[in-house]
Each structure stands twice: as structure tokens, then as C-alpha cells.
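Report on the structure given below.
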Amino acid sequence: MASRSCLTIILAAGEGTRMKSSMSKVLHEIAGLPLVGHVVKAVQGAGAPHGESSDLAVVVGRGAADVQKAVGKISDTARFYEQTERLGTAHAVLAAREALTEPHDDVLVVFGDTPLIEETSLRAARGKLAEGADIVVMGFRPENPTGYGRLIEQDGKLVAIVEEKDATDEQRKITFCNGGLMALSGKYALQLISAVKNDNSKGEYYLTDVVELAHAQGLNVIAIDVPVENVIGINNRAELAEAEALWQARKRRDVMFSGVTLIAPETVFFAHDTLIEADVLIEPNVFFGTKVTVESGAVIHAFSHIEGAHIGANTSVGPFARLRPGAKLAEKAKVGNFCEVKNADIGAGAKVNHLSYIGDATVGADTNIGAGVITCNYDGYNKFKTTIGSNTFVGSNSALVAPLTIGNGVYVASGSVITDEVPENALALGRARQVNKEGRAEILREKYKAIKVSKNK
């Protein structure tokens, strides 16, 4: 496709009452990204795949400030227009009239609640405009077309979109349905949309009416097939969950095709920005939050929860491990079962094997953290850091009270509470001396037995 300028208008002003939510519908998330965020990412690629001019206009309504903030995290060039009244889709598009008056070869109109739209479908529509079409409607063929508007074609041209309630019996037999998304020639877009009338039972301005208007003017109007998933709109929590499932299935497929092994794919959940290299093995029931990178050769064992972490090559995580934001595992490091790591660097070959909490810390290469070790990083008001050197052994059930530095080659005795700096190659013991009282156990048993009997009377 030759270089063409494009304006994309995202309609994100709907009330979303069926979501029964305190926030805008388009801010509900799939894979850790708001619905409108998925749409923005798709149109960014479709709008300027080869560096040509691309503009983004977002029509907002309820929760406008929050929607602008969400979109702003992905696009720093988006412009926002508020639709103060809800008078139909054409009326919503005209809220961005200022953008429509600017010269563009192509105009895309999409919805902020269709998170599964793919760049390939949007580019296909733009491609038809480049070939000479004036309007391209994205249609789909559901298994059951009941309830959808039908696309009426004659000799390969789209002549009308008829809602089911207005369709004849013959038209209801048509399985090619309106997906709502549309591409228009920038030359005619504003003229056609401005000409839409509201002479219908709801008194609203429908974008679909531009099809008949354009056909009456002898313009070239066509429809293209896109996958059903691409045009699925979200109206309630059930549909949100269904879309999440479809997104996850798509992501799992892509991940496996890239060389990652998922033992039970349907039990693994990814975020929109999860990056996983080839030759990673992921066991069942693993959840990835946002901002996770996993390098080649890593093994993520079952029932692990990972968010905001960088997992190095040939590492081992879990089972039942939790990596929180800021966790960084170097090559061949290990975080074992029932461990939690937060804002901590685990050095190459280091091991945090089981039942430990390492937070706000640095653990040197080839250091071993025993079972039940915790870094005491919070005093109720402030966070402090623990630094542990290389080739150090921290014995089981030790508490490391930050701020604290433990040198290289140190041996920390099991059960210690370490509060002061430990120099290199030292042995650190921070526990009370053991005292044995001969025969005292029998005295205690008799004492506790008498107390129990007294309480039961």
C-alpha cells in the first residue's frame, strides 16, 4: 500500500450501563490493559505501518478524564473530543469534526469496546480504500446471525445495512452481518457523515446510514470479511470474560508458535505485554501480570504468580512462587516453592529455595538462602535495603534486619537474627545461647496437666 495519511476515530463515549460499573466501560481490562488500550494499539499499527502520517481522535464521554489518562499512556499524540449528548454513532463521530476537516486519505471509525480488533483487519480495509473503494464496511459471518444488522450486496457492492427488525424474511436469511467498524475515503467522510438524518424511531443519527447515502451518490461502497472475534463488542461482565478467554487463547497460540512450551495451555494466563523467549517451559496454572520478561531456557513451575519481573536465562521459578514488581533473576538463579521476591536482584546461580521472603534486597552470585529466611525491610514507616554478597550461605529461619550489608563468603548460622554488618568470610550468629534444664520437662508436664484439669471442672 502506497503511503497514505490516516485519521482513526475511536468512539469511547458510551455509558456502558450494562456493565453496572462505577467506571467507564472502556476502562475495564483484558490481560491487564483497558479495552480502549487494546484498540489504540491495533490502530497504531494499522494507521502508520510504514511511517506515513497518522492521527488519532478519541471521542469520550463518561469518565472522560480517566479515559484520556489511559489512552495517554499508549499514545502521546491522541486528541480528545467530548460527546455531551448520546444521539447515535454518526453524532459521536461528528464530535471529532475538527479532525475530520483536516485532509486525510483514509478515515477509520472503530469502537473503544472492541478489544480484539486486529491490525491486519484494519489494514485490509485501508487497502481497499487504496484500491479505489470510497467506503469499506467490516462485516463478519457469525454462526447465528440473529440480532445483527445484515449487509445487503448487489453485484459485489454494498447497497445498504438493514437492522434485523427492519429486514424482510429474505434479508434475514443473509449471514453476512455488520461489524460496525468502517473505513471511509477522507475525501467524502465529513460530507457523508454530516448528511445523516435522525428520521428513525429513536431519533438518532446512525453511522450505517452513510452506506445508502454514498450508494445514492454513485460512490464505491463495499464490505469485507473479518474474523468474528475482531468485531466482538463488550457490553457486560460476561462478555468481558468471554473476550478475555479469546484473547488468552490467541496469545497462547502465538507463544507456543514462537517456541515456548505450555504443558497445559488453558491454565496459563498472560498480560498484554508479556515477553517470553523461545525454549521456556511453563507448567500448569501460572499467572503473568504486566511487565514480565522471561529469557530463554527458564522453567516456570506450576502455580506461580509473576508480575513486574525479569527472569533471566536458564532460571527456575516455583512451584508456588510469587515474584512481585522489581524482582530480577540473573542467569541460572532459582526461586523455589512458597517463596516471595519483591524489588530484589537475585544473582547468577543464587538460590532462594523455599519458604523465604526476599524484599528490597540484592543477593550475590551463587549465594544460598535457606528455608524460612526473611529480609525485614519495613519498620512500619520506611523501607530499607539488604545487601548480601556472593558465595554466602544464609542458614534456615534467619531474619535479616535492614538496613544491612552481608559480605562475600559469609556463613550465617541457622536461626539467627542479624542486625549488624557482617564482614567478608565471617561466621555470623545472632541467637540466644541454648540452656538445658535437667528433669524440668517432667515438672512442666505435671504443671500443665493440673491447669488443664482445673479449667475443665
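In segment 216-237, the qualifying residues are those that are more than 30 Å from Ser21 (Cα to Cα) and out of contact with any Gly (no Cβ under 8 Å at 6 or more places or on another chain), and the one that is surrounded by the most Cβ atoms within 10 Å (Cβ to Cβ) is Val221.
The strands (runs of 3 or more DSSP E) found wholly in segment 70-145 and carrying at least 1 residues that are buried (at least 22 other Cβ atoms within 10 Å of the Cβ) occupy 106-111, 135-140. Scanning segment 12-44 for residues that are open to solvent by less than 20 Å² (accessible area, probe 1.4 Å) and either closer than 17 Å to Ala125 by Cα or modelled with pLDDT under 90 (or both) yields Gly16, Val39, Val40, Ala42, Val43.
On the stretch given as segment 314-342, residues that are within 24 Å of Pro265 (Cβ to Cβ) and open to solvent by 20 Å² or more (accessible area, probe 1.4 Å) total 6.
Going through segment 370-403 one residue at a time, which ones are under 16 Å from Ala344 (Cα atoms), open to solvent by 40 Å² or more (accessible area, probe 1.4 Å) and in a strand (DSSP E or B)? Across segment 370-403, the qualifying residues are Ile374, Cys376, Tyr378, Lys383, Thr387, Val401. Would you confirm, using the coordinates I've provided, whether Glu153 is on the phi < 0 side of the Ramachandran plot and within 29 Å of the chain's Cα centre (by Cα)? Spelling it out, it is not the case that Glu153 is on the phi < 0 side of the Ramachandran plot and within 29 Å of the chain's Cα centre (by Cα). Residue pairs whose Cβ atoms lie under 8 Å apart, separated by 6 or more positions or on different chains, with the first residue in segment 160-177 and farther than 22 Å from Leu219 by Cα and open to solvent by less than 50 Å² (accessible area, probe 1.4 Å) and the second among the polar types (S, T, N, Q) and at pLDDT 90 or above, are Glu164/Thr146. Taking the criterion of being part of a loop (DSSP other than H, G, I, E, B) and either within 11 Å of Asp113 (Cβ to Cβ) or free of Cβ contacts under 8 Å to residues at least 24 places away in the same chain (or both), the residues of segment 16-32 that qualify are Gly16, Ser21, Ser22, Ser24, His28. Scanning segment 226-282 for residues that are within 16 Å of Val292 (Cα to Cα), of a type in the set (D, E, K, R) and touching a Lys or Arg at 6+ places or on another chain (Cβ under 9 Å) turns up just one, Asp273.
Restricting to segment 296-307, what's the tally of residues that are assigned to a loop (DSSP other than H, G, I, E, B), over 14 Å from Lys334 (Cβ atoms) and under 20 Å from the mean Cα position of the chain (by Cα)? Steps first, answer last, please.
Taking segment 296-307 as the starting set, the residues that turn out to be assigned to a loop (DSSP other than H, G, I, E, B) are 296-298, 301-304, 307.
Subsequent filtering for residues that are over 14 Å from Lys334 (Cβ atoms) retains 296, 302-303, 307.
Filter once more, so that each one left must be under 20 Å from the mean Cα position of the chain (by Cα): 303, 307.
Number satisfying all stated conditions: 2.
The values are calculated or read from the model by the stated rules, or taken from the named source; none is laboratory data. Fair warning: this is a prediction, and the values are worked out from it, not measured in the lab. Using ideal geometry, Cβ is built from the backbone for each residue, glycine included, and neighbour counts are taken over all protein chains shown. Heavy atoms of the whole protein, side chains included, go into the accessibility calculation; ligands, DNA and RNA do not. Shrake-Rupley method; radii C 1.70, N 1.55, O 1.52, S 1.80 Å.
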